[in-house]
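**Student:** I have a structure I would like to understand better, so I am pasting it below and will then ask my questions one at a time.
The values are calculated or read from the model by the stated rules, or taken from the named source; none is laboratory data. Just so you know, these numbers come straight off a predicted model, no measurement behind them. As a convention, Cβ positions derive from the backbone with ideal geometry for all residues, glycine included, and neighbour counts pool all protein chains shown.
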Amino acid sequence: MSWRNVGVVYRKELTDSLRDRRTVLSMIAVPILLMPMLTIGLGVVSVLLFGRAMLEIPTVMVLGGQDSPAVLAALFALPEIRIVPARPDYAREISEKQIRAAVEIPRDFDAAVARGDAVTVRIDMYQGELKSGFGADRVQKFFTDYREAVVRQRLQSRQLPARLAAPFVIEQKNVVAPEKVGGELIGGLVPYFVILLCLTGAMYPAIDLTAGEKERGTIETILCSPVSRVHLVLGKFLMVLTASLFTALLAILSMGMTFVAGKKILERLSPLNATGLALSISLKAVIWVFVMIVPLAVLFSAALLAIALFAKSYKEAQSYLSPLTVFVILPAIVSILPGVDLNAGLSLIPVLNTSLVSKEIVAGSYPWNYMALIFASSCLYAAGALAVAIHLFQREDVLFRT
Amino acid sequence: MIEVTNLGKQFRDKQRGIFRAVEGLSFRCQPGRIYGLLGANGAGKTTTLRMLATILAPTTGSATVAGYDIVREPQKVRASVGFLSTATALYGRLTAQEMVEYFGRLHGLAEPRLRCNLDALFQRLGMNDFRDRRCDKLSTGMKQKVSIARTLVHDPSVMIFDEPTAGLDVLAARTIVGFIRECREAGKTVLFSTHLMNEAEKLCDIIGIIHNGRLMAEGSLGDLRERYLQNDLEDIFVRVVQA
């Protein structure tokens, strides 16, 4: 094995690829820009829209209640909603977003409450519509508070303690470190972005170095040089792997920086103020996610190289490789589904195993036994893919496929 | 020296099944002489030359190039050969100098020798004006010069040309023809394929007429004229092929 020849091929391919705009775009620009655009950009837009929806005073229609001046007066005094007079087609008005909600106060409400009769207040709303939900929530809160006030009044009048109605208090408490809570929330993003970009970063160089060479007619030029085909494919493979790992590294760094910057921006913009979560990735997690991604990048690079080599032209290679993104997105989606946790069986499924372990690492857990199993199995798959790529490079019917 | 003995190549084809592109081919090329393989499109010229350049492996027979066996010692064969065809394109994003340097390094040349060979070649071929220009920005003539420099950088003893002037304009074709003659004068073994009769007449010391993968006739132009009682190479070619 002459590593000198592999090095010569690698250096040439690196120089050549860095002058290819498509490769540079997929290797550098996409991982740097995609994460801030998708998280900060989308986050800012959604926070702004959410904030605006929350600040809006919802228009609520009151149906009935003319015979119940007490509840009506309290409702009218509520500053968080704007009351409009009753109209018969309130349902249409809600569905056309002219009003946000309607509340139907039953006949003789005040008297019925005073008597202790069971009555029902109905709130009409547009389910799933954010602003209608806010309007309905405010009306619901008003009536919940009103009901509690009535209960307190009744207890007081019978000289009974207020805790009779609330014999105990229920409290939920987070006992996990904020970094881990944040990690659990953002851990699912790692497979989406880093692993996907690890594939897309390798895609263009893999096509350019194989099908691209066939299309441009340089494959025959390089095959008549004395370098062996094994050295040639290894040089090319190392270049594709460089692109893949570099893209993944940039994606991880960009993600880390995006969370730091994004949290500050979103906290400043959000009307709810700080979420209290530590949305950050530790350096240790960055390093271990990268280590776990290395064999996956080898697998991607070798597989892409082998498939693209089979194609006759750049276009044909693109049509072969584009569907591969589905094979990466699907396991990534599965890994963020609730209840899908890492186990020995899932540790052997390529892509899904790295997705799941990345999620664990970002959340601050290091399941060393699974990590070793995943690293070993991914290395095995990667070696298999590389062996296929080397084998295909020896085949005349693949190299000169017409 | 190139010695070809009973060389054959068959391909598997979906439509045609097993297809014999070259069959029972034997010939010999001497140093300081130009051997021309003359044949129509699809006659088996490119397959033959690709086998001799070890890009394709033969199915039957054997051949030695510069004393090395094409099956057992393919890397040594490629190290001794300069192969040029219209299909051997250049890397568009590399400069002329980078392109030639790359092939020099692939041939294992040490940096001082590579530098020396490169400067001499660029000087001889008049390439200094565009040595730092990217290959995709070069004219056809300039590209041909870079291709020539690429094949000569390791100073091979055997040159193989596969229809090197196909698709070129008169001036670019003249550069190539001149270069082939220079190779002969430098004592190199030159194997050359063409379907152009006038090119074969002008250049070749020995002409081998190839048809359907088989060598149908061989000899100097004078020999062929005598044997087939025709003066024009085209008439000789038609007679050989139709026979």
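**Student:** Could you run through segment B:99-110 and say how many residues are facing chain A (nearest Cβ under 7 Å) and free of Cβ contacts under 8 Å to residues at least 12 places away in the same chain?
**Tutor:** Counting residues in segment B:99-110 that are facing chain A (nearest Cβ under 7 Å) and free of Cβ contacts under 8 Å to residues at least 12 places away in the same chain gives 3.
**Student:** A further question on this structure: Is one or more of the residues making up segment A:94-107 assigned to a helix (DSSP H, G or I), farther than 22 Å from A:ARG152 by Cα and modelled with pLDDT of 90 or more?
**Tutor:** Yes, the conditions are met somewhere in segment A:94-107.
**Student:** Mind checking which helices (runs of 4 or more DSSP H) fall wholly inside segment B:184-243 and carry at least 2 residues that are free of Cβ contacts under 8 Å to residues at least 12 places away in the same chain?
**Tutor:** B:221-228, B:233-242
**Student:** Ok, one more. Could you tell me whether any residue of segment B:117-134 is within 11 Å of chain A (Cβ to nearest Cβ) and among the small types (Gly, Ala, Ser)?
**Tutor:** Within segment B:117-134, not a single residue is within 11 Å of chain A (Cβ to nearest Cβ) and among the small types (Gly, Ala, Ser).
**Student:** It is to be established whether one or more residues within segment B:128-139 are under 26 Å from B:VAL4 (Cβ atoms) and not aromatic (Phe, Trp, Tyr).
**Tutor:** Taking every residue of segment B:128-139 in turn, none turns out to be under 26 Å from B:VAL4 (Cβ atoms) and not aromatic (Phe, Trp, Tyr).
**Student:** Quick check on my filter: what residues within segment A:359-402 are among the acidic types (Asp, Glu) and either within 14 Å of chain B (Cβ to nearest Cβ) or more than 30 Å from A:PRO338 (Cβ to Cβ) (or both)?
**Tutor:** The answer is A:GLU396, A:ASP397.
**Student:** Residue check, B:GLY141 against (1) closer than 18 Å to B:ILE180 by Cα; (2) small (Gly, Ala, Ser); (3) within 9 Å of another protein chain (Cβ to nearest Cβ); (4) surrounded by fewer than 20 Cβ atoms within 10 Å (Cβ to Cβ), all met but one. Which one?
**Tutor:** For B:GLY141, the failing item is (3).
**Student:** Can you name every residue in segment B:189-234 that is touching a Leu at 6+ places or on another chain (Cβ under 8 Å), farther than 22 Å from B:PHE83 by Cα and among the small types (Gly, Ala, Ser)?
**Tutor:** Within segment B:189-234, just B:ALA217 meets the criteria.
**Student:** Can you name every residue in segment A:19-33 that is crowded, with 16+ Cβ neighbours inside 10 Å and part of a helix (DSSP H, G or I)?
**Tutor:** A:THR23, A:SER26, A:MET27, A:ILE28, A:VAL30, A:PRO31, A:ILE32
**Student:** Can you find a residue that is away from every other protein chain (no Cβ under 12 Å) and within 39 Å of the chain's Cα centre (by Cα) anywhere in segment A:1-20?
**Tutor:** No; the residues of segment A:1-20 include none that is away from every other protein chain (no Cβ under 12 Å) and within 39 Å of the chain's Cα centre (by Cα).
**Student:** Still on this structure: On the given criteria, is B:THR5 exposed (fewer than 15 other Cβ atoms within 10 Å of the Cβ) and hydroxyl-bearing (Ser, Thr, Tyr)? So that I can check it myself, show each step before the final result.
**Tutor:** Values: exposed (fewer than 15 other Cβ atoms within 10 Å of the Cβ): yes; hydroxyl-bearing (Ser, Thr, Tyr): yes.
Yes; evaluated as a whole, the condition is true for this residue.
**Student:** Further question on the same structure: Does any residue of segment A:296-312 turn out to be on the phi < 0 side of the Ramachandran plot, free of Cβ contacts under 8 Å to residues at least 60 places away in the same chain, assigned by TED's automatic domain parsing to the domain that holds A:THR23 and aromatic (Phe, Trp, Tyr)?
**Tutor:** Scanning segment A:296-312 turns up no residue that is on the phi < 0 side of the Ramachandran plot, free of Cβ contacts under 8 Å to residues at least 60 places away in the same chain, assigned by TED's automatic domain parsing to the domain that holds A:THR23 and aromatic (Phe, Trp, Tyr).
**Student:** Which residue, of B:ILE148, B:ILE160, is in contact with a Phe, Trp or Tyr (Cβ under 6 Å, 6 or more places away or on another chain) and either surrounded by fewer than 21 Cβ atoms within 10 Å (Cβ to Cβ) or assigned to a helix (DSSP H, G or I) (or both)?
**Tutor:** B:ILE148
Results for (1) under 20 Å from B:PHE161 (Cα atoms); (2) more than 14 Å from every other protein chain (Cβ to nearest Cβ), shown as yes or no for each residue.
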residue: B:ILE2; (1), (2): yes, yes
residue: B:GLY8; (1), (2): yes, yes
residue: B:ARG12; (1), (2): no, no
residue: B:ARG16; (1), (2): no, no
residue: B:ALA43; (1), (2): yes, yes
residue: B:THR59; (1), (2): no, no
residue: B:ALA63; (1), (2): yes, yes
residue: B:ASP69; (1), (2): yes, yes
residue: B:LEU84; (1), (2): yes, no
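**Student:** Here is a further query. Would you check if A:ASP124 is acidic (Asp, Glu) and surrounded by 12 or more Cβ atoms within 10 Å (Cβ to Cβ)?
**Tutor:** Yes, satisfied.
**Student:** Check segment B:39-60 and report whether any residue there is assigned to a strand (DSSP E or B), charged (D, E, K, R) and either surrounded by fewer than 18 Cβ atoms within 10 Å (Cβ to Cβ) or out of contact with any Phe, Trp or Tyr (no Cβ under 8 Å at 6 or more places or on another chain) (or both).
**Tutor:** For segment B:39-60, residues assigned to a strand (DSSP E or B), charged (D, E, K, R) and either surrounded by fewer than 18 Cβ atoms within 10 Å (Cβ to Cβ) or out of contact with any Phe, Trp or Tyr (no Cβ under 8 Å at 6 or more places or on another chain) (or both): absent.
**Student:** If the requirement is being surrounded by 21 or more Cβ atoms within 10 Å (Cβ to Cβ) and facing chain A (nearest Cβ under 9 Å), which of these qualifies: B:ARG93, B:ARG78?
**Tutor:** Only one candidate qualifies: B:ARG78.
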